[in-house]
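Student: Please read through the structure below; I'll follow up with questions.
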């Protein structure tokens, strides 16, 4: 059903971080994801686009097994992260999620202090040996989350008191505090105004230097601005996957073309 | 063209004149508001009536009539041998103290210059039947005071007390063989002399129950201890079990037919009449497990069964009200399910859980029916701690059971104490509910 999986790989020789083969996802009787094969590269921003209900968020949540929390959800097929099948019986999803961090659509800081929001992950994973270590991790994460300057004087104020854009950058900083290798972002800017969106996009671009970022977005402009690779999902199928430039200028599939030109969606 | 534009500018109806539909709607709204206000007014009137009745009838129980007098502890009556041997002093029964009390009355009358035709025997009848034992207890505790004169404050009997409170009048005693008009005259004289007076009675709040003949000595204190012990048992069992059960059901259990059945059953349990729990407690805890009757431990166990559904339902509701985004956030940074529940969900649900627990406890505190079935209506006549030294295992009563017990007795003086007990019980309930409301207000979070 899709015909350009290797297109992106030819453009630039990159390491494959995650490779999915024949992934099927069922919600009860509903077949939500059908036969998805995709290879996500490291140090690349990959965007998932497509109309609402096309399965892009569902597929994203498969990559760190967040779907496990939904009783009726069933995943088939292989998702290989660095050569290991993440749905293998031996894999503890908790360990996986430390490696594959996630940022959600709605900013969801814990109702705790800014400091504790960031420090929570490192604490439960034992990443800090001492208080000084932890302080350093918090500062580094907040700096990388591009929010340090705004909150450095009120680290012990509640995280829920920040503005929407600040909260989302706090959540990103929280996600990178545990040193993940892949960062999944589920429409991270949908609840933000244009200025906050620009800040978050800038941040995503910087994160690309260290992480493999997968972002689900409804905004095609955003996909074009921040991603190097784009995957177009439609009705549970991966229709087209390739370098972002190619997808937006010379789409191979007519459904992709219809979507990006606004005829379906 | 001009015509049409002109006609469209002419309004078909004026906004100043309400049309029929609008009038009808407004009238319906006004009616509805009026119904609401009437309903609230009726509720308020009921509440005020209830409060006025309770306080009007019950406040008297907090005051009691006392008679003070100097009592000469005659050695010739109390310790004939003069050896201060405790065993011998104990041989003098309360009857032996009667002449001493009569003598004290005579001395008081003489000292105050009261003129009366009453015999000292009839004067002594004004005192509570507890006076002689009060005197005897004092002497046994302080044998060295024998031979001296000590000032005592005795309870007046319930008729005298009723006379001062207006419950007993000269008309009402026409057929009463316990008190005569002449005695009431004497009471008036004593009162004028300041020997007999009505004052606050702490013993009603901290004291033990008393027999049918001595309503003036009865207190609710021991029953209060019984209630306290039961609440401790309920808190220690129902809170951990209830919270653990609801946390499992809400956060960990798979959604299947079994959890559905359990859920329906818990909701049904909350609606089971309390007397059924009483029968269950009687059958299981007393007849089968042979736990002691009338013990706060058993009462607490039965009330735990009753409170559990309340706590489980409110805990589940407050766990449900924690937004899923918080759980996602915790799982997203690699917390395990249990870490996400204990570090994030439970602390956020805690105020709701506490509120539910306090309300459950308040319900349990006021529960009477199951206690009657398991015999938590023990008659405990001596004060704590001697009477209930075994705590959870010694037979006891509970506040609502004690109130029920008093309401049953014939002497109207007990009736007053029943109302007084209701005031104390209500104070506890109102305090607990207020704490629950404050907790809910203070920790309420909005997302």
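All of the numbers you see were taken from the coordinates with simple rules; none came from a lab. Note that this is a predicted model, so its numbers are computed, not measured. Reconstructed Cβ throughout: ideal geometry from the backbone, glycine too, with neighbour counts over all protein chains shown.
Student: If the chain between residue A:190 and residue A:27 were fully stretched, how many nm would it gain, using 0.36 nm times the residue separation less the Cα-Cα distance? Provide the component values of the computation, followed by the final result.
Tutor: Values: separation 163, 0.36 × 163 = 58.68 nm, distance 2.46 nm.
That works out to 56.2 nm of additional length.
Student: With each pseudo-label sitting 7 Å past Cα toward Cβ, what's the residue B:257-residue B:48 distance in nm, one decimal?
Tutor: A separation of 5.8 nm, rounded to one decimal place.
Student: Only Cα pairs under 8 Å and at least 6 apart count here; give the relative contact order of the range B:105-168 as a rounded whole percent.
Tutor: Numbers: 27 pairs, mean separation 21.8, N = 64.
Worked out over the range B:105-168, it gives 34 percent.
Student: Mean shadow of chain B, computed from the convex hull of its alpha carbons, in nm²?
Tutor: Hull-based average projected area comes out at 40.3 nm².
Student: Points 7 angstrom from Cα along the Cβ direction at residue B:271 and residue A:15: gap in nanometres?
Tutor: 6.2
Student: Compute the acute angle (0 to 90°) between the alpha-carbon long axis of helix A:131-144 and the principal axis of greatest extent of the alpha-carbon atoms of chain A; round to the nearest 10°.
Tutor: 40
Student: Turning to a different aspect of this structure: Quick one: give the max-minus-min coordinate of the C-alpha atoms of the range A:121-224 along each principal axis, largest first, in Å.
Tutor: 44, 29, 19
Student: Take every Cα-Cα pair in the range A:7-260 and report what % of them are more than 35 Å apart.
Tutor: Percent of Cα pairs beyond 35 Å in the range A:7-260: 14.
Student: Set the Förster radius R0 to 25 Å, insert the Cβ-Cβ distance between residue B:409 and residue B:202 as r into 1/(1 + (r/R0)^6), and round the FRET efficiency to 0.05.
Tutor: Efficiency for this residue pair is about 0.65.
Student: At each listed q (0.05 Å⁻¹), what is the log10 of I(q)/I(0) that the Debye formula gives for the protein assembly as shown modelled as equal alpha-carbon point scatterers?
Tutor: Relative scattering, expressed as log10 I(q)/I(0), comes to -0.49.
Student: Based on DSSP H runs of at least 4 residues, each adding -39500 (n - 2.57), what is the mean residue ellipticity at 222 nm of the protein assembly as shown after dividing by all its residues, to the nearest 500 deg cm²/dmol?
Tutor: About -16000 deg cm²/dmol.
Student: Test of understanding: what is the full-extension gain from residue B:293 to residue B:176, defined as 0.36 nm times their sequence separation minus their Cα-Cα distance?
Tutor: Numbers: separation 117, 0.36 × 117 = 42.12 nm, distance 3.88 nm.
So the chain would gain 38.2 nm between residue B:293 and residue B:176.
Student: Continuing with the same structure: Taking a spot 7 Å from the Cα of residue B:440 along the direction of its beta carbon, which residues of the range B:304-329 have an amide N less than 19 Å from it?
Tutor: B:307-323
Student: Under 16 Å from a point 7 Å along the Cα-to-Cβ line of residue A:219: which residues of the range A:160-193 have their amide N that close?
Tutor: A:164-169, A:185-193
Student: Please give the peptides B:429-440, B:186-197, A:229-240 ranked by average Cβ packing (other Cβ atoms within 10 Å per residue), highest first, as a rough proxy for protection. Spell out each step's value before the answer.
Tutor: On the way: B:429-440: 14.4, B:186-197: 17.5, A:229-240: 24.4.
Answer by packing, highest mean first, reads A:229-240, B:186-197, B:429-440.
Student: If you take the beta carbon distance between residue A:202 and residue B:15 as r and set R0 to 56 Å, what does 1/(1 + (r/R0)^6) give as a FRET efficiency, to the nearest 0.05? Walk me through the numbers before you get to the answer.
Tutor: Numbers: r = 53 Å, r/R0 = 0.96.
Step by step, r from the Cβ atoms, then E = 0.55.
Student: Follow-up. Determine, for each peptide in A:179-187, A:160-168, the mean count of other beta carbons within 10 angstrom over its residues, then list the peptides with the highest first.
Tutor: Details: A:179-187: 22.3, A:160-168: 19.6.
Order by mean packing, descending: A:179-187, A:160-168.
Student: May I ask you to derive the relative contact order of chain B, considering only C-alpha pairs under 8 Å and at least 6 residues apart, and to give it as an integer percent?
Tutor: Values: 581 pairs, mean separation 80.7, N = 447.
Reported relative contact order: 18 percent.
Student: Related question: Could you line up B:71, B:243 from fewest to most neighbouring Cβ atoms inside 10 Å? If you can, show how the numbers build up before the last one.
Tutor: Working: B:71 25, B:243 21.
Least crowded to most crowded, the residues run B:243, B:71.
Student: What spacing in nm lies between the two simple spin-label points modelled at residue B:433 and residue A:136, each 7 Å away from Cα in the Cβ direction?
Tutor: 5.8
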